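The next block holds one structure in the form of structure tokens; read it before the comments.
None of the figures in this text is laboratory data; all of them are computed from the coordinates on show. Just so we're clear, the structure is a prediction, and the values are computed from it rather than from any experiment. Cβ placement follows ideal geometry from the backbone for every residue including glycine, while neighbour counts extend to all protein chains displayed.
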Amino acid sequence: MSNSASIEDLTVHRLWEGEAPGALGSTPEDIPSITEISVAKSGEARPCVVVCPGGGYGGLADHEGKPIAEWLESLGIKAVILKYRLGPRYHHPVMIGDVNRAIRYVRAHAATFGVDPKKIGVMGFSAGGHLASTAVTYFDEGHSASSDPIERVSSRPDVGILVYPVISMGPFGHGGSRENLLGKNASQQLIDALSSEKNVSLQTPPCFLIHGVDDAVVPIENALMFGMALSAHRVPFELHAIQSGYHGFGLGAPGSAQDFRALLAAWLKTHGF
């Protein structure tokens with residue numbers, strides 16, 4: 001695959017060969033990429049999940065990246081970690097452009113990655129959960145007239161996994177994420193457009209959500225509102241509201257109240273992952 005490099009046994013792929021759309025420079029922070037932690041074996045055609053770490057749209061949390069990908073790999077699911085561009089240097093629509101491109105990129109290179117192009121999911125945590133929620137609500141089937149073959153491929157995820165996600169840009173949202181994503185003094189129209197509970201459709205893929213009732217950073221209302229929107233549109237979903245789930249627990253310590261790995265593994269299996 002062109003334009004990739006191996007770093008510490010991880011393979012990093014730039015999402016665009018040249019400058020990414022809207023790039024403000026050529027430093028690492030200007031270059032969105034995906035990192036794969038395993039090499040495809042001959043004959044494989046595994047499901048794949050694009051992992052979106054959180055960080056308030058101003059950073060990328062390490063514990064919501066590689067450890068998540070390694071766990072998914074242990075299930076036989078290929079995982080790639082998305083490095084998307086961040087605020088305050090970048091604002092919408094750059095971030096959604098990056099996640100849509102990541103899904104297209106994996107699908108377009110499915111044979112090289114050893115994945116099934118019909119089983120590509122997206123998983124996000126906190127602000128990365130918001131990014132994943134935009135991926136499952138804003139997508140297209142590809143642009144057939146594009147000169148870029150990757151852009152001709154669908155950006156629709158086949159499943160979405162949202163962990164203590166920011167969903168709304170309104171009163172229940174996270175102020176720092178909103179400002180980094182939308183800038184200061186965003187219009188109500190823009191706030192509504194990026195409040196994912198308002199953008200669920202009949203085409204939104206099945207979703208798995210987990211959120212702590214006592215989350216003091218991103219209120220559980222975010223997950224509840226998204227679940228209600230999914231229900232209203234008859235989109236299959238599973239929602240776990242755990243009594244004690246501090247913000248940022250990642251996969252949860254083994255055996256803890258926050259450990260949702262068995263629940264998610266079972267749900268993924270029911271969807272062919």
Excluding near-sequence neighbours (fewer than 8 apart on one chain), the chain holds lysine pairs with C-alpha atoms under 19 Å apart numbering 10
A correct fewest-to-most ranking of Val166, Val49 by other Cβ atoms within 10 Å would be Val49, Val166
Most exposed first, judged by fewest Cβ atoms within 10 angstrom, Asp192, Asp215 run Asp192, Asp215
Expressed in angstrom and rounded, the centroid-to-centroid distance over alpha carbons for the range 38-87 and the range 117-189 is 16 Å
HN-Hα couplings for the range 175-185 via Karplus (6.51, -1.76, 1.60; θ = phi - 60°), in whole Hz with x for Gly/Pro, come out as x, x, 4, 4, 5, 5, 7, 9, x, 7, 6
Under a Gaussian network model of the chain whose springs join Cα atoms within less than 10 Å, the largest fluctuation of Gly252, Gly129, Gly173 belongs to Gly252
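What's the extension gain from Arg152 to Glu17 if we count 0.36 nm per residue and subtract their Cα-Cα distance?
Full-extension gain reported as 47.0 nm.
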Taking 0.36 nm per residue of separation between Val217 and Gln243 and subtracting their Cα-Cα distance, the length gained on full extension comes to 7.9 nm
Residues Ser74, Ser195 in order from fewest to most other beta-carbon atoms within 10 Å are Ser74, Ser195
With -39,500 (n - 2.57) per DSSP H segment of 4 or more residues and division by the full residue count of the chain, the 222 nm estimate, nearest 500 deg cm²/dmol, is -7500 deg cm²/dmol
With label points set 7 Å from each Cα along the Cα-to-Cβ direction at Gln203 and Leu10, the distance between them in nm comes to 3.3 nm
The size of the Cβ-based charge dipole (Lys, Arg +1; Asp, Glu -1) of the chain about the Cα centre, to the nearest 20 debye, is 460 debye
A correct Karplus calculation of ³J(HN,Hα) over the range 121-133, with 6.51 cos²θ - 1.76 cosθ + 1.60, θ = phi - 60°, whole Hz and x for Gly and Pro, returns x, 9, 9, x, 10, 6, 5, x, x, 5, 4, 5, 5
Scalar couplings 3J(HN,Hα) for the range 198-209 by Karplus 6.51 cos²θ - 1.76 cosθ + 1.60 (θ = phi - 60°), nearest whole Hz, x for Gly and Pro, are 8, 10, 5, 9, 5, 8, 4, x, x, 10, 10, 10
Volume per residue (Å³) of the convex hull spanned by the alpha carbons of the chain is 123 Å³
